[in-house]
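The values are calculated or read from the model by the stated rules, or taken from the named source; none is laboratory data. Predicted, not measured: the structure shown is a model, and the values here were computed from it. FYI the Cβ positions are ideal-geometry reconstructions off the backbone, even for glycines, and counts take in every protein chain you see.
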Amino acid sequence: MHSSMKMIVPLCLLVVLSLGCGLSGQIPGLPSPGDDDAPEVATAVVGDAEPTVEESAGSDDQSDGSDEVAGDDEGPDQADLPSVTMGLDVLDSYVSDFKMTIRDSEDAPEGSVYAMRVEFVRDPLAQRVEIRSDDGLGRLLSVRVGDEQYFAYGDEECIVSTVGADELPMGEVFEPDEIVGDISSAKRVRPNETINGIRCEHYTFDESAFGAGQFTRASGDAWIAVDGDYVVKFVVEAEGNNPATGEDGTINLEYEISEVNQPLVIEPPEGCQALDEIDLPIMADAADLQRLAGTIIYTSQSAVEEVVTFYREQMPAIGWSEGDQSFVSGEVAMLNFSLDGGTATVTISADDGVTTVAIMTE
């Protein structure tokens, strides 16, 4: 197959978790705002996918059928699909669902299922990405609202951090293109069909469309929006060798776009506290602000002694008392405070002209 199927999602989860420590990137298949290298939109293929992550985002009962209308005979009999996720940059908002099911043998008829749902609004920029796995990795949630991003993994406390205006919270996580690659010479099926309220050209393909060596057998369908040339649905069922296990097996891919250019409300995850709700003093020039598991971390351009002075003035002003174990030594300081049985430790350190502040509360 195209890559090590069973290793893709675990690696992606690790990548995304690392983003909570200060990295950021762009959503799969979508150019960052202002990206001059956005992929060129082209006619392509996608299939009859069942949406993922808890509930369906679109299904057969959302299709208005395939009644022939004027213009259905227009267009080529064949088309190439350079990217399953192409064309998303023409949409103001959408929901996408992707599900990958891997079955290595008859001993595991249910297979392993990985699902990813993306909700996206272009203006004002907001995004919600949820990844689920049934192999013990659980659920990962990433949400961007305004200039804050939230990460929640399983039932653990979420990570909250700031994000630049031109950044999206997700990095390079897996997407259909990682597995499928490009598809060539897909065959047109007429008449056109309406999927999720979108008029589409329907194409079919087999293993020959993937090039030599990727799959021993494959079949799939794809639907491309007549207006916009973006993939609305895509389904592939394929057989081949899984490099992660060395066994022959099957892979099913399902991808679907719905709620195109419809109003979407994207909110912070339930239980996540926004950064503006922090009840401890923060330097005015704070940058790269993050909050996780009782810890606040940020950077400052202020010198260590300035930060020390700030906390020695501001903490008592809101009721905290400094303990006798605080110390300041050159480019490192640790200040201890207490209030109503709780404690706060402020660690301050400088490196290459940047001061890092970490506040741990118990």
| task | Write out, first by first residue and then by second, each pair whose Cβ atoms fall under 7 Å of each other, whose residues are 6+ apart or on separate chains, and whose first residue, in region 92-116, is closer than 19 Å to R132 by Cα while the second is modelled with pLDDT of 85 or more and outside any strand (DSSP E or B). | result | V95/E259
| Between a first residue in region 266-293 that is outside the structural domain of L141 (by TED's automatic domain parsing) and a second residue that is at pLDDT below 70 and charged (D, E, K, R), which pairs have beta carbons less than 6 Å apart while being 6 or more apart in sequence or on different chains? | A293/E157
| query | Looking only at residues in region 238-289 that are in a strand (DSSP E or B) and polar (S, T, N, Q), which one is modelled with the highest pLDDT? | reply | S258
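Looking at A350, A358 in this structure, which one is closer than 13 Å to A303 by Cα and not in a loop (DSSP other than H, G, I, E, B)?
Numbers: A358 fails: closer than 13 Å to A303 by Cα.
None of the other options fit; the residue is A350.
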| said: Restricting to region 323-337, count the residues that are of a type outside the set (A, V, I, L, M) and surrounded by 16 or more Cβ atoms within 10 Å (Cβ to Cβ). | reply: 3
| field | Residues that are of a type in the set (D, E, K, R), touching a strand residue (DSSP E or B) at 6+ places or on another chain (Cβ under 6 Å) and within 10 Å of D72 (Cα to Cα), drawn from region 180-198 | value | E193
| remark: Flagged pairs (Cβ under 6 angstrom, 6 or more apart or on separate chains; first in region 184-195, under 24 Å from F210 (Cβ atoms); second among the hydroxyl-bearing types (S, T, Y) and surrounded by fewer than 18 Cβ atoms within 10 Å (Cβ to Cβ)) are K187/T204; V189/T204; E193/S66
| Any hit, region 308-319, residues being surrounded by 15 or more Cβ atoms within 10 Å (Cβ to Cβ), modelled with pLDDT of 85 or more and assigned to a loop (DSSP other than H, G, I, E, B) | no
| task | Could you please find all residues in region 303-362 being without any contact (Cβ under 8 Å) to a residue 12 or more places away in the chain and in contact with a helix residue (DSSP H, G or I) (Cβ under 9 Å, 6 or more places away or on another chain)? | result | S326
